[in-house]
Amino acid sequence: MAIKVCVYCGEQYEVFGKHAGPSKYCQECLPKVEKEYNKHRYQLQKSQFPPCVECGKPRTSWNKHPYCRSCLMKNARKLGIYPTKEKHHWWKGGRSNSGDGHIKIQVLGHPHADKHGYIAEHRVIMEQRIGRYLSSDEIVHHLNGIKHDNRLANLVVVKARSHASWTYVKALQKRIRELEAKITQQKF
């Protein structure tokens, strides 16, 4: 244990163990001193760097761009800090798998695309085939049931109200063909 005098307030305080050496401030004054030091350091940084060219706020750190932190994050894509599309290492040419098994492609400006510009590939293929956009009550059905098989021979456009019954009839027809094939194999 050692008894020291606080440099900030001038009162005596006790220091125990390994803290007996470097401590200059008592426990009550230490947070105040740190707060003043950080405020002074911030003021030095503010005056040391030129202001942001976009908003005019003082910059607190040096970087190669003449923007403050908030403006830098706002303009990051424009400045090329965060690469997009072809420049990004995860870019797959605008194709991605949706959660339900369909393939989505990026078609910017399409009226039925989502907010990122993606639309189901089978819809785009059928739109190109028939020469117009599909309406919201038209569904592109995969004949073989494989959702990522987007060959033109595997796709057909049906109305939404008849899709369920049409799909059920096709499934029954497929089952009948399978059973007929089994019967012909058993006869021979």
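The values are calculated or read from the model by the stated rules, or taken from the named source; none is laboratory data. Keep in mind that this is a model prediction, so the values were computed, not measured. Neighbour counts run over all protein chains shown; Cβ positions are idealised from the backbone, glycine included.
Is one or more of the residues making up the stretch 103-117 in the same structural domain as Lys170 (by TED's automatic domain parsing), at pLDDT 95 or above, over 24 Å from Leu172 (Cα atoms) and among the acidic types (Asp, Glu)? No, the stretch 103-117 contains no residue that is in the same structural domain as Lys170 (by TED's automatic domain parsing), at pLDDT 95 or above, over 24 Å from Leu172 (Cα atoms) and among the acidic types (Asp, Glu). For the stretch 119-137, the set of residues classified as surrounded by 14 or more Cβ atoms within 10 Å (Cβ to Cβ) and either touching a Leu at 6+ places or on another chain (Cβ under 7 Å) or in contact (Cβ under 8 Å) with a residue 24 or more places away in the chain (or both) consists of Glu121, His122, Arg123, Ile125, Met126, Glu127, listed by residue number. For the stretch 104-146, a residue qualifies if it is in a loop (DSSP other than H, G, I, E, B), closer than 29 Å to Thr84 by Cβ and of a type in the set (Val, Ile, Thr), and exactly one does: Val107. Looking across the stretch 82-103 at every residue that is in contact (Cβ under 8 Å) with a residue 12 or more places away in the chain and part of a loop (DSSP other than H, G, I, E, B), the one that is surrounded by the most Cβ atoms within 10 Å (Cβ to Cβ) is identified as His102.
Can Asn154 be described as in contact with a helix residue (DSSP H, G or I) (Cβ under 8 Å, 6 or more places away or on another chain) and not basic (Lys, Arg)?
Details: in contact with a helix residue (DSSP H, G or I) (Cβ under 8 Å, 6 or more places away or on another chain): no; not basic (Lys, Arg): yes.
No, not satisfied.
Considering only the stretch 147-170, I want to know if a residue exists there that is under 18 Å from Gly101 (Cβ atoms), at pLDDT 85 or above, under 46 Å from the mean Cα position of the chain (by Cα) and exposed (fewer than 13 other Cβ atoms within 10 Å of the Cβ). Yes, because at least one residue in the stretch 147-170 is under 18 Å from Gly101 (Cβ atoms), at pLDDT 85 or above, under 46 Å from the mean Cα position of the chain (by Cα) and exposed (fewer than 13 other Cβ atoms within 10 Å of the Cβ).
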